[in-house]
Amino acid sequence: MERIDWDTPLSAFPGVGPARQRALAKLGLERAGDLLTFYPRSYEDRTRSYPVAQAPVGESVCVEAMVAQPPRLSRIRRGLDLVKTRAVDDTGALELTFFNQPYLQNALRQGESYVFYGKIDLVGGRRSMTNPVFEPASRRKFTGRIMPRYPLTQGLTNHLLITLAQAAVEACAGALPETLPAPVLERYRLPGAGEACRQVHFPESWAALEAARSRLAFEELFYLTVGLSLLRKRREAGRGTALNTGDPKDFQALLPFSLTAAQRRVLDECARDLCAGPPMNRLVQGDVGSGKTAIAAFCLWRAARSGAQGAMMAPTELLAQQHYQTLKALLEPAHVVVALLTGSQTAKEKRAIKAALAAGDIQVVVGTHALLSQGVDFQNLALAVVDEQHRFGVGQRSALAAKGVHPHLLVLSATPIPRTLALILYGDLDVSVLDELPPGRQPVETYLVSERYHQRLYKFIDRLVEEGRQVYVICPAVEEDPEEGDPTLKSVEQYAQYLTQTVFPHRRLAFVHGRMKARDKEAVMAAFAAGDIQILVSTTVVEVGVDVPNAALMVVENADRFGLSQLHQLRGRVGRGKHQSYCVLVSNTQNPETRARLKALCATTDGFRIAEEDLKARGPGDFFGQRQHGLPQLHLADLSADMRLLAAAQRAAQDPYLQRPEHQPMWDRVRQLFQENPDIFN
Ligand code: ADP
Ligand code: MG
């Protein structure tokens, strides 16, 4: 083939026809350059070579031996071919079996020496290998070294990917531009870009692999940190509107309860931010039920009192409605005009609200992401509040802020995040913590039970419903999955049907899950909030924000399927009113570690401790992986293990020499990495 460069399509590589091309595209691989950042998921140690007689049984190793007899092809049945032969060295004989590779009959030659790499089995007292990788002993490319194992998909073999990656790395790694500034490389003793690329695919040693991996993870964290600091700097360069009319004491007078000490402290922190000078840029983290809405209400009240406008964005329609009701009741007596804007309003309603917002007749607007749509313009938006931040990306946060000129930004989050992770997810924000619950809350009693307990659990549910309470039942799946091996796995649709027909025919029961139409979902949730539904079977869609104080029992089926933080969040849906509330975790798991984690949840209600436990047990995926955090993807950095790297990357990102003009390419790269979120740098 012709010379390979970065843009060479993979279809030009030998062995890649249309079918494989499609399979490769599924993995995001279209051009040679794509292979360079397609990192192995693990490695095979093909360095150790043994004489046949000493090859350790059960381990994968290399054996150099000569093919001693012509390979025999036999057809066992349709679709099952077998090639068998035997290879020998001075110490003994190795039986070789290959499935469905009939061409090997001619490829393996009697009398030639090969290196075979595979797992050693003992069959009838003889050492054997099934489907080993092999190559002539005189020309070693695939054995005698550490080899990558790539993520695969149907129709691709690891061997093909190795062949492609070898060609691509050989041709392109040398031309990789160095994107880390030279002083950073030097100070942290990191290998260069090309070297790191070569070693991460085809490492010369485990130490070289570790160095390469560190460099690439460092790079990811470094760029993330630099990008976040850039965001922060842009905001700090602006000047916010002074929202300084309104004493916290006068605000207290509007409330039906007295603020907790933690709420007063955070209110003061916000009050100090809401001045002229750099706009506020604050995250308020507080456990479920800690009273974050009051903090938002205070800031919005300040905005209105100071002659400006404020907007609050919530992730669901139901939550937006709830906030609207709360803020209206609180602020209207103080002559603040509060409005609601959501997607389900009629075009006419929306038009009227948009006009009033543009004219400045509305001072506080609450809404869903409908607030971000075109045509929503403010006369003077001086404060943007984003509730339940983890449901939004950084881009949406910024998009709301972009509706004003350097507005103050207040972000509320109930997902307690370990400090180290907060540094990344919210690296551009100041953090306040509401670490106190309002007085009089009865802690939710939490129990771990097995499936055997179901009959008693159903009686308990029935008794609470009889007393007028409402109940959530959470299942991990939406529908039954025939592939699923666990017969106890509950799915929302089937379990709801079972409960309605067999257990609770006399109760009002409904179900809700994320695959339903938004309108149907909202209708069920509204009926539950209104008390018309007594038992709600659901996936974790009820996880965020909904406030139904009459709900007193949270049942989580297959509790071992959930992360602790998620369970904690679910538990936060009950215990919001005056009734003693309960959380029952149902699980048959015998895994001692899982049981210990679930027991830990029964014993504590401290969301931050739970989050730390979660991070240790499951890694950062729950906080970071699936959520649309809107930041560049981390491929190699493992946040639970790479904390030292993160600290180093953060130190490096703050170094003033980065401001020197020769580092312009690095800044360009930062902008490019964040460009999937065009609003970010507005
Ligand atoms: P979250 O932090 O989960 O958003 P909310 O702001 O929804 O919590 O508050 C939960 C409940 O606690 C609401 O019903 C609210 O009225 C009530 N609440 C908030 N602060 C106090 C307080 N200081 N004293 C008593 N009740 C409070
Ligand atoms: Mg809330």
Distance from the Cα centre of segment 257-289 to that of segment 201-234, in angstrom?
-> 35
Residue separation times 0.36 nm, minus the C-alpha to C-alpha distance between GLN374 and LYS517: what's the value?
-> 49.1 nm
Towards the positive end of the charge dipole of the chain, with charges on Cβ (+1 Lys, Arg; -1 Asp, Glu), say which of ALA529, THR605, MET312 has the farthest Cα.
-> ALA529
Once the piece of chain linking ARG22 and ARG456 is laid out straight, how much longer is it, given 0.36 nm per residue of separation minus the C-alpha distance between them?
-> 150.9 nm
Cα pairs beyond 23 Å in segment 69-210, in percent, come to 51
Rounded to whole Å and sorted largest first, list the principal axis extents of the Cα atoms in segment 314-390.
-> 28, 28, 24
Net charge, ARG31 excluded, C-beta distance under 11 Å - Lys, Arg +1, Asp, Glu -1 = -4
Have a look at the DSSP beta bridges in the chain and tell me what percent are antiparallel, nearest 5.
-> 40
By the gyration tensor of its Cα atoms, with a ≥ b ≥ c the square roots of the eigenvalues, what is the shape of segment 445-624: rounded for a/c under 1.5, prolate for a/b over b/c, or oblate?
-> rounded
Cα centroid separation, segment 493-509 to segment 93-133 (Å) | 58
Taking Rh as the Kirkwood radius computed over C-alpha pairs, what is the Stokes-Einstein D of segment 248-434 at 4 °C in a medium of viscosity 1.567 mPa s, expressed in µm² per second?
-> 79
Set the Förster distance to 25 Å, then compute FRET efficiency between GLU332 and ARG239 from the Cβ-Cβ distance, nearest 0.05.
-> 0.25
Among the aspartates and glutamates, which have Cα under 19 Å from the Cα of LYS348 when same-chain residues fewer than 8 positions away are ignored?
-> GLU317, ASP361, ASP377
Nearest-20 debye value, the chain charge dipole, Cβ charges on Lys, Arg, Asp, Glu = 400
How much length is gained on full extension from ARG78 to ALA207, taking 0.36 nm per residue of separation minus their Cα-Cα distance?
-> 41.7 nm
In Å², rounded to a whole number, the accessible area per residue of segment 445-624 with probe 1.4 Å is 45
Which distance in Å, rounded to a whole number, links the C-alpha centroids of segment 1-46 and segment 335-349?
-> 52
Cα principal axis extents for segment 48-144, largest first, Å | 37, 30, 21
So what's the angle, to the nearest 10 degrees on a 0 to 90 scale, between helix 206-237 and the longest Cα principal axis of the chain?
-> 20
Heavy atoms only, probe 1.4 Å: what % of the accessible area of segment 445-624 goes to carbon and sulfur, would you let me know?
-> 47
Those lysines that a straight Cα-Cα span of less than 25 Å connects to LYS84, excepting residues fewer than 8 apart in one chain | LYS119, LYS141
P(r) of the chain over all Cα-Cα pairs, 20 Å bins starting at 0, rounded to whole percent, reads 15, 38, 33, 12, 2
27 Å Cα-Cα threshold exceeded, pairs from LYS459/LYS599; LYS350/LYS521; LYS517/LYS578 = LYS517/LYS578
How far apart, in nm, are the 7 Å Cα→Cβ label points at GLU30 and GLU112?
-> 3.9
Find out how many positive minus negative residues lie around PRO656, taking Lys and Arg as positive, Asp and Glu as negative, among other residues whose Cβ is under 14 Å from that of PRO656.
-> +2
Taking only the C-alpha atoms, wrap a convex hull around segment 126-190 and report its volume per residue in Å³ as a whole number.
-> 183
Once Lys and Arg get +1 and Asp and Glu get -1 on their Cβ, which of GLN569, GLN69, VAL541 lies farthest toward the positive end of the dipole of the chain?
-> GLN69
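The values are calculated or read from the model by the stated rules, or taken from the named source; none is laboratory data. Just so it is clear, the model here is predicted, and its values are computed rather than measured. Cβ: placed from backbone, ideal geometry, glycine included. Neighbour counts: every protein chain shown. The area values use the complete protein model at the heavy-atom level, side chains included, leaving out ligands, DNA and RNA. Shrake-Rupley method; radii C 1.70, N 1.55, O 1.52, S 1.80 Å.
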